[in-house]
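K.L.:
Input: one structure, supplied below.
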Amino acid sequence: MSELSSGARQQTTAPSVRIRSITAAPLFGESPKGGWSAEIKPEDSIHALIAVHTDAGITGYGSVFTDGRLVEAGLKVLEPLFLGENALEPERVSEKLHQNTFWMGRGGTLTHTISGIDIALWDILGKVTGMPVGRLLGGRYRDRVQPYCSLLMEEPAQMRDVVAEYRALGFRAFKIGWGPFGRALDTRLDEAIVRAAREGAGDDAKLFVDAGASDALWPHGLKWALRTAEMLKDFEVGWFEEALRPDAIDDFCHLRLASPVPIAGGEVLTRRQSFLPWLSRGALDIVQPDVTKVGGISEQRRIAWMAYDFGVKYIGHGWNTGLGVAADLQLASAFPDVDLVEFIGGSPYIDGILAEPFQLEDGYLQISQRPGLGVEIDREKLARYTPNPGVLFQ
């Protein structure tokens, strides 16, 4: 009896891993074009990396899709809540941060910042336990997943060449988005762009189209989206993303029922509660939360399982960094029906900051089985994109 009691005590004894500090490194200089009406400039910060430093000498890393200077300010606000917290309890710590900052607004800078913290905490938990995050989330359904190459829309001739270039690199799934599509107010140009992309991709490739109607002052409504969906059907487009303004839930419900192609969206939503009306009302065929904005891995997993129960497919939005891709890959391993992850074509923040860049194998990415997120940042490479990379390696 005493041996059993002793064994039980040993099993419940966990190492002390407390948060010592959290730092952020804004990324500047080479953000890929977004096709936004107010285009990204070199001096703009669109992404930031986060490091959670612990008293055990273990550091976890995360990514945030927002201006890095906002992230730095958010960390100052959150600091009294996370200092000294148990770094091995990501869901509890992240929920504490959400619950105690409601009065400063839910879903903005603080939620984005918590996203990066949460990803980093899962990275730490994986490093301490020696397991990949996907296994910590309940188990791995797959060891590899197909990336779709996410590309900005161009004029037709250039669009064809760009897609063909990435096909030659091994991609067999593509998403084209934003740029002149819809914004030029020329339906013939819209169709020509999609036709050119299909020609560059080949008939055997998957092709998706993202209108990007969350852009400022989107000029179209439901009737444009309905006509465009009919056009996309002729090119075997796998989904039509952000076809309507992001708050037009009634129109999304109508579009989803009428469209001959699946309707996708949700990247602008944050926090699991925001997704419930979209799922319960049947507004989407495919839901696309962004782990670097929505609240992190803890929040993303809840949304993904909720979508699964509603019969809505989950494919994470991933216009971010190499750490964001690593988080998306781990999440993709942990759900039964995830068959795609987003991968920005040619982004230095993906290809240029990791010690071991991602490699395509037969059109797929392997999902790391190493502890945590399974990737390492290269400090020297990172120095090209942030003025003080050392804050991540204290």
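The values are calculated or read from the model by the stated rules, or taken from the named source; none is laboratory data. From a predicted model like this one, the values you see are computed outputs, not experimental measurements. Cβ: placed from backbone, ideal geometry, glycine included. Neighbour counts: every protein chain shown. To get the accessible areas, we keep the full protein, side chains included, count just its heavy atoms, and leave off ligands, DNA and RNA. Shrake-Rupley method; radii C 1.70, N 1.55, O 1.52, S 1.80 Å.
K.L.:
What number, in percent, do you get for the relative contact order of the chain if the mean sequence gap of Cα pairs under 8 Å and at least 6 apart is divided by its residue count?
P.N.:
About 20 percent, as a whole number.
K.L.:
Also: Going by alpha carbons, how many degrees (0 to 90, nearest 10) lie between the helix axis of 297-310 and the longest principal axis of the chain?
P.N.:
Once rounded, the angle reads 50 degrees.
K.L.:
Ignoring any ligand, DNA or RNA, what whole percent of the accessible area of the chain comes from carbon and sulfur when the probe is 1.4 angstrom?
P.N.:
Exposed carbon and sulfur together represent 50 percent of the surface.
K.L.:
Please work out the average accessible area per residue across region 205-335, using the 1.4 Å probe convention, and give it in Å².
P.N.:
32
K.L.:
I've got another one for you. Any chance you could run the full-extension gain for Arg20 through Ala38? It's 0.36 nm times the residue separation minus the Cα-Cα distance, nm to one decimal.
P.N.:
2.6 nm
K.L.:
Let's see if you can work this out: charge +1 on each Lys and Arg Cβ, -1 on each Asp and Glu Cβ, no other charges. What is the dipole magnitude of region 41-128 about its Cα centre, in debye to the nearest 20?
P.N.:
120
K.L.:
Within 10 Å of each candidate Cβ there may be at most 15 other Cβ atoms; applying that plus a DSSP loop requirement, which trypsin sites (Lys or Arg not before Pro) in region 286-394 survive?
P.N.:
When the trypsin sites (Lys or Arg not before Pro) of region 286-394 are filtered for loop state and at most 15 Cβ neighbours within 10 Å, Arg384 remain.
K.L.:
Another question, if that's okay. Where does helix 2-11 land angle-wise versus the long Cα axis of the chain, in degrees 0 to 90, nearest 10?
P.N.:
40
K.L.:
Give the calculated FRET efficiency between Met104 and Asp247 to the nearest 0.05, with a Förster radius of 25 Å applied to their Cβ-Cβ distance.
P.N.:
It comes out at approximately 0.70.
K.L.:
Residues in region 124-159, backbone N under 15 Å from the label point at Glu356 (7 Å along the Cα-to-beta-carbon vector): list them, ranges by number please.
P.N.:
Of the residues in region 124-159, 131-133, 144 have backbone N under 15 Å from the label point off Glu356.
K.L.:
Using a cut-off of 24 Å between alpha-carbon atoms, which lysines can reach Lys41, once sequence neighbours fewer than 8 places away in the same chain are excluded?
P.N.:
The reachable lysines, counting only those whose Cα sits under 24 Å from Lys41, are Lys33, Lys175, Lys293, Lys381.
K.L.:
Give me the log10 of I(q) over I(0) for region 272-320 at q = 0.19, 0.21, 0.22 Å⁻¹, as the Debye formula computes it from C-alpha points; what are the numbers?
P.N.:
Debye intensities relative to I(0), on a log10 scale: -0.51, -0.63, -0.69.
K.L.:
Before rounding to the nearest 500, sum -39500 (n - 2.57) across all DSSP H runs of length at least 4 in the chain and divide by the residue total; then give [θ] at 222 nm in deg cm²/dmol.
P.N.:
The helix contribution divided over the chain gives -11500 deg cm²/dmol.
K.L.:
Still on this structure: Return the sequence-ordered ³J(HN,Hα) values of region 152-163 in whole Hz as given by the Karplus equation 6.51 cos²θ - 1.76 cosθ + 1.60 applied to θ = phi - 60°, using x for Gly and Pro.
P.N.:
These are the phi-based 3J(HN,Hα) values: 6, 5, 10, 4, x, 4, 5, 4, 4, 5, 5, 5 Hz.
K.L.:
Still on this structure: Please work out how much length the chain gains when fully extended from Val77 to Lys96, using 0.36 nm per residue of separation minus the C-alpha to C-alpha distance, in nm with one decimal.
P.N.:
Full extension of this stretch gives 5.5 nm more.
K.L.:
Please compute the modelled spin-label separation between Asn86 and Lys223, points set 7 Å along Cα→Cβ, answer in nm with one decimal.
P.N.:
5.9
K.L.:
Just the accessible area per residue of region 26-105, please: how many Å² with a 1.4 Å probe?
P.N.:
Value returned for region 26-105: 43 Å² of accessible area per residue.
K.L.:
Just to verify a number: FRET efficiency for Glu165 and Asp309, C-beta to C-beta distance, R0 = 45 Å, to 0.05?
P.N.:
Computed FRET efficiency for Glu165 and Asp309: 0.65.
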